[in-house]
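Q: Sharing a structure with you now.
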Amino acid sequence: MLKYQKSKTKALSMGKKDVISKEILKNIARDISKHILHIDIKEDMEIINQEFTRVESRESDLLFQNGDEIVHIEIQNNHHSQMHLRMCRYYTDILFLYEDYKVSQYMIYIGKEKCYMKPQIIRDKMNYSYDIIDMRDIACEELIQSNDPSAIALSILCDFKGEDKQTVINTILRKLRELNDDNAFEKYLEIVTLYSTNRGLEQNVKKGVEMLTVDIEKIPFFQDGVKIGVE
């Protein structure tokens with residue numbers, strides 16, 4: 001999961017995990033499915049709310065049935081030395097329930113440091129692997145050029161390719177402003193603000209918003225999000 005620690009401090013280091021982070025996690029995972037994994041999510045796609053219990057309780061970030069395929073997505077913020085073992089346990093737990101389905105697993109890494117988690121287990125007679133996608137390896141330009149606000153919001157987690165951070169963030173915010181009415185813009189500004197805490201870009205986002213002449217003091221969640229991210 002999106003873990004600074006396994007102790008449920010998820011969703012971009014937010015202290016309000018129980019209030020908003022699980023929904024944020026699912027939204028992030030859905031957006032990544034669409035824009036990064038390019039999964040053709042069918043209209044009858046079913047989100048599976050499944051908690052797996054063996055020794056400890058574990059709940060996947062996103063598990064859904066998409067036709068004859070079960071897709072499992074985990075979002076990871078920092079290095080976990082046993083991530084390959086954890087993903088394998090998820091895999092076997094999923095097979096107990098959906099043995100006749102194809103199972104696809106993705107670990108989406110959005111951390112600041114280089115990702116060096118193991119993507120496979122090869123030992124004895126076992127050969128298991130899952131896909132690791134590092135958001136820092138994805139050029140932000142492709143997502144920024146989209147007319148889909150969720151893709152544009154995700155771009156703040158991607159590679160700026162050496163471009164000035166403030167310039168990129170101003171472009172992200174300007175496009176979101178152009179594509180959305182006030183209510184929708186506030187929603188996506190909240191998302192971008194939460195993402196920014198994971199990249200240390202809170203002040204850049206705040207400055208970009210001020211450039212758009214949006215009164216930041218009238219958007220309480222923005223200040224709350226920055227405060228929580230810093231904490």
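The values are calculated or read from the model by the stated rules, or taken from the named source; none is laboratory data. These figures come from a predicted structure and were not determined experimentally. Positions of Cβ are backbone-derived with ideal geometry, glycine not excepted, and every protein chain shown enters the neighbour counts. In case anyone asks, the SASA skips ligands and DNA or RNA and just uses the protein heavy atoms, side chains included. Shrake-Rupley method; radii C 1.70, N 1.55, O 1.52, S 1.80 Å.
Q: D134 fails exactly one of the following numbered conditions: (1) surrounded by 14 or more Cβ atoms within 10 Å (Cβ to Cβ); (2) of a type outside the set (A, V, I, L, M, F, W, C); (3) within 30 Å of L212 (Cα to Cα). What is the number of that condition?
A: (3)
Q: Determine the pairs where a residue that is touching a residue at least 12 places away in the same chain (Cβ under 8 Å), located within the range 93-111, has a partner that is assigned to a loop (DSSP other than H, G, I, E, B) and of a type in the set (A, V, I, L, M, F, W, C) with Cβ atoms under 6 Å apart, the partner being 6 or more residues away or on another chain.
A: Between residues of the range 93-111 that are touching a residue at least 12 places away in the same chain (Cβ under 8 Å) and residues that are assigned to a loop (DSSP other than H, G, I, E, B) and of a type in the set (A, V, I, L, M, F, W, C), the close pairs are Y109/C115.
Q: Here are E217, E190: which of them is open to solvent by 10 Å² or more (accessible area, probe 1.4 Å), at pLDDT 85 or above and not basic (K, R)?
A: It is E190.
Q: Take the range 137-154 and flag every residue that is surrounded by 15 or more Cβ atoms within 10 Å (Cβ to Cβ) and touching a His at 6+ places or on another chain (Cβ under 9 Å).
A: L143, S146, S150, A151, L154
Q: Which of the numbered conditions does S81 fail, given that it passes all the others? Conditions: (1) surrounded by fewer than 14 Cβ atoms within 10 Å (Cβ to Cβ); (2) among the small types (G, A, S); (3) within 26 Å of A153 (Cα to Cα).
A: (3)
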